[in-house]
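Have a look at the structure below before the remarks.
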Amino acid sequence: MIVCSGLTKRYPGGYEAIKNLGFEIAGGDMVFITGHSGAGKTTLLKLLGAIERPTSGSLIVNGQNLTALRKAALPYLRRNLGLIFQDQKLLFDRSALDNVLLPLEIIGLPPREAQRRARAALDKVGLLEREKANPIALSGGEQQRLAIARAVVNRPTILLADEPTTNLDPDSARQVFDLFAAFNQVRVTVIIATHAPHDISGRKPRLITLDHGRIAP
Amino acid sequence: MNTWLRQHLAAFRRALRRLWAAPLNTLLSLLVIGITMTLPAAGYVFLDNLKTLGKSAAGVQQISIFMQTGASADVVKGVEQHLEDKVPGQWHFVPRETALNRLKSTEGMAEIVASLPRNPLPDAFIVEPRDASPETLEALRESFASQPGVAHVQLDSAWIKRFDAFLRLGKLAVSLLAAIFAAGLTAVTFNTIRLQVLAQADEIQVARLIGATDAFIRRPFYYSGALQGALGGLAAGLIISLGIRALATPVAELASLYGSAFALQGLSPQFFALLAGIGAGLGWLGAQLSVSMALHQME
C-alpha cells in the first residue's frame with residue numbers, strides 16, 4: 001500500500017521535479033507511470049524507492065512514512081522493495097548467479113538456502129542455464145531479466161521498474177512485461193515508469209500520467 | 001549458526017578473496033606494513049636484550065661491604081645478622097686472610113704483599129641482592145653504611161644509574177618511534193582501503209539500493225584492514241627473527257671475548273601475537289577512517 005499527499009521534490013537550485021502529488025496505490029495493483037521526458041517519472045520512482053527524500057508532503061510505503069524515516073531504517077525498507085533500473089546496475093565482476101545471490105547475502109540467508117532461492121529466481125526469468133555466465137555476456141533482454149531476478153529474489157511486496165524496456169527489442173520487451181504481469185498475479189504491487197505508450201497496449205494497468213511534475217488531468 | 005555470525009564469516013571470506021584477488025598489491029602492502037612495524041619492534045627487542053645484558057654483566061649487582069680493620073667478631077656477626085634479616089638474595093663473607101691470599105696469588109703481587117708488615121685488608125661481605133634495581137641498591141648501600149663496624153660500602157651505582165637512564169631514554173625513543181610508525185601504518189592502510197572502496201564503488205551503490213546496511217558494506221573492509229595489519233605484523237616478526245638469527249653468532253662471539261655468556265633472545269610466540277594484534281588494531285582503525293570518509297563522499 002502506497003499513500004502520498006502533497007508530495008513535492010525540489011532539487012538544490014530550486015528545480016521542482018515533483019509538485020504537490022497525491023495518489024494511493026493498493027497492494028497488488030499494477031501501475032504504469034507515464035509522461036514525456038522530464039515529467040518526473042524517475043524522480044517519483046526514486047521517491048517511492050527511498051532513493052530520494054521528499055522535500056515536503058507525506059509518502060507512506062508499506063506503512064512507513066518515508067518523509068520521517070530514519071537513515072538507519074532505509075535498508076530494511078528497501079529489502080521489501082524490488083528495484084529495477086533502466087541501466088540494470090548489474091555487477092560485471094561476478095556471475096549471473098552471484099548477482100542474484102547478493103540481496104540474499106545482505107539479509108544473511110544460509111548459503112544453501114540462498115543458492116536454492118537464487119536458482120529459483122533465475123529459473124523464473126528463464127536464465128537458469130546461464131547462471132555461470134558473466135552479465136556482460138548476456139543480451140540486453142537477458143540482462144534486464146537478470147535484474148528482475150535480483151529484484152524479486154527477496155520476495156518483495158512492491159516492484160519498482162524505471163524504463164525497463166527502453167533499450168530492448170519488441171520480443172525482449174514483451175518477455176519482460178510478461179514477467180511483471182506474472183509477479184503481479186501473485187499480489188506483488190508492480191509500478192513501472194515508462195514513456196513508451198506501446199508498452200501499455202494490450203494490458204489493463206492503472207495509469208498515472210505525469211506532466212511537469214504534476215498528475216495530468 | 002546465527003545471522004550475525006554468518007555475516008561476519010562471509011565478510012571475512014570476502015576480505016580474504018579481495019586480498020587474494022590482487023596478490024602483488026597485497027604483497028607490497030604487507031611489505032610496507034611489515035617494514036613500518038619492524039623498526040620500532042626491533043628497537044624494543046634491542047632494548048630488551050640490552051636489559052638482559054645489563055643484568056648479566058658481572059659485578060654490576062654486587063655490593064662490597066668492607067669492615068673496619070679492627071672490627072671484632074661480634075660486630076662482623078651483627079652485619080651478618082643484618083644481611084640475613086634484611087637482604088633477599090645471596091651474600092658471602094670474605095675473611096681478611098682469604099683476601100690477602102687472593103692478592104698474593106695475583107701475578108706480581110706476592111713480593112709486594114710479603115713486604116707488608118701486617119695484613120692491611122679488612123674483612124668483607126660480597127652481596128648480590130635479588131632486586132638489583134638502582135633504587136634498591138642505593139637503599140641497601142645506605143643501610144649497610146650505617147651499621148656499626150662498617151668502614152666502606154662500595155657500589156657502582158653511578159654506572160647502573162647511567163645504564164638505567166640510557167634504557168629509559170631508549171624506551172622513550174622507541175615509544176615515540178612506535179607512535180610515528182603507528183600513524184604511518186594507519187595511513188598506509190587508509191590508502192589501501194580507500195583504493196579498495198573506490199574499486200568496489202559500483203558494488204557498494206548496488207548493495208545500498210537493495211537493502212545493505214552500512215555495517216554490511218563496511219565489514220569486509222574492516223576485516224581487510226585488520227588482516228593486512230595482522231599479516232604485516234607477522235612479517236615484521238619474521239624480519240626481526242631473521243635479523244636476530246643473522247646476528248646471534250657474531251654477538252655471542254663478541255660477548256665471549258668479554259667473558260660473558262650473553263646470547264641474543266629470539267622472539268617469543270607472545271611477541272609475534274602482540275605484533276599481529278597491534279597490526280590488526282591499527283589496520284582496523286585505518287580501514288574505519290578510510291571507509292567512513294569514502295562512504296560519506298559517495299553519499
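The values are calculated or read from the model by the stated rules, or taken from the named source; none is laboratory data. For clarity, every value in this text was computed on a predicted model and none was experimentally measured. Methodologically, a virtual Cβ is constructed for each residue, glycine included, from the backbone with ideal geometry; neighbour enumeration extends over all protein chains shown.
What is the one condition in (1) away from chain A (no Cβ under 14 Å); (2) surrounded by 14 or more Cβ atoms within 10 Å (Cβ to Cβ); (3) not aromatic (F, W, Y) that B:R218 does not satisfy? Only one criterion in (1) away from chain A (no Cβ under 14 Å); (2) surrounded by 14 or more Cβ atoms within 10 Å (Cβ to Cβ); (3) not aromatic (F, W, Y) is unmet by B:R218, namely (1). Which one is surrounded by the most Cβ atoms within 10 Å (Cβ to Cβ) among residues in segment A:82-133 that are touching a residue at least 60 places away in the same chain (Cβ under 8 Å) and within 12 Å of A:R150 (Cβ to Cβ)? Restricting to residues being touching a residue at least 60 places away in the same chain (Cβ under 8 Å) and within 12 Å of A:R150 (Cβ to Cβ), the top hit is A:G82. Selection within segment A:1-59: residues that are in a loop (DSSP other than H, G, I, E, B) and of a type in the set (S, T, Y). The member of this set that is nearest to A:R206 (Cα to Cα) is A:S37.
Residues are listed down the side, and each one gets a yes or a no for (1) within 30 Å of B:D202 (Cβ to Cβ); (2) surrounded by 14 or more Cβ atoms within 10 Å (Cβ to Cβ); (3) among the β-branched types (V, I, T):
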position	(1), (2), (3)
B:V251	no, yes, yes
B:L257	no, no, no
B:S260	no, yes, no
B:L267	no, yes, no
B:A276	no, yes, no
B:G286	yes, yes, no
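In segment B:181-215, what count of residues is obtained for those that are in a helix (DSSP H, G or I), among the hydrophobic types (A, V, I, L, M, F, W, C) and within 9 Å of chain A (Cβ to nearest Cβ)? Matching residues across segment B:181-215 total 3.
Residues of segment A:88-103 that are more than 8 Å from chain B (Cβ to nearest Cβ), modelled with pLDDT under 95 and closer than 30 Å to A:A26 by Cβ: A:Q88 alone. Out of curiosity, is B:A246 small (G, A, S), more than 14 Å from every other protein chain (Cβ to nearest Cβ) and in contact with a helix residue (DSSP H, G or I) (Cβ under 6 Å, 6 or more places away or on another chain)? Here the answer is no, as B:A246 does not meet what is asked.
Of all the criteria given as (1) touching a Lys or Arg at 6+ places or on another chain (Cβ under 6 Å); (2) crowded, with 21+ Cβ neighbours inside 10 Å, the one not satisfied by A:T55 is (2). Here segment B:85-112 is the region considered, the condition is being free of Cβ contacts under 8 Å to residues at least 24 places away in the same chain and not in a helix (DSSP H, G or I), and the residue that is surrounded by the most Cβ atoms within 10 Å (Cβ to Cβ) is B:M109. For A:I107, the test of being under 14 Å from A:V153 (Cβ atoms), modelled with pLDDT under 95 and within 8 Å of chain B (Cβ to nearest Cβ) is passed. The sole residue among A:R145, A:R79, A:R116 that is charged (D, E, K, R) and within 12 Å of another protein chain (Cβ to nearest Cβ) is A:R79.
Looking across segment A:30-46, the residues that are under 16 Å from A:E16 (Cβ atoms) and either within 14 Å of chain B (Cβ to nearest Cβ) or among the polar types (S, T, N, Q) (or both) come down to A:T42, A:T43, A:K46. In this entry, B:F144 passes the filter for residues that are in a helix (DSSP H, G or I) and in contact with a strand residue (DSSP E or B) (Cβ under 6 Å, 6 or more places away or on another chain).
Residue count for segment B:1-39 satisfying the condition of being outside any helix (DSSP H, G or I) and either more than 10 Å from every other protein chain (Cβ to nearest Cβ) or in contact with a strand residue (DSSP E or B) (Cβ under 8 Å, 6 or more places away or on another chain) (or both): 1. Taking segment A:106-144 as the range and being under 20 Å from the mean Cα position of the chain (by Cα) and within 24 Å of B:L9 (Cα to Cα) as the test, the residues that pass are A:I106, A:I107, A:R117, A:A118. Of all the residues in segment A:47-76, those that are under 18 Å from A:T157 (Cβ atoms) and either more than 13 Å from chain B (Cβ to nearest Cβ) or in contact (Cβ under 8 Å) with a residue 40 or more places away in the chain (or both) number 12.
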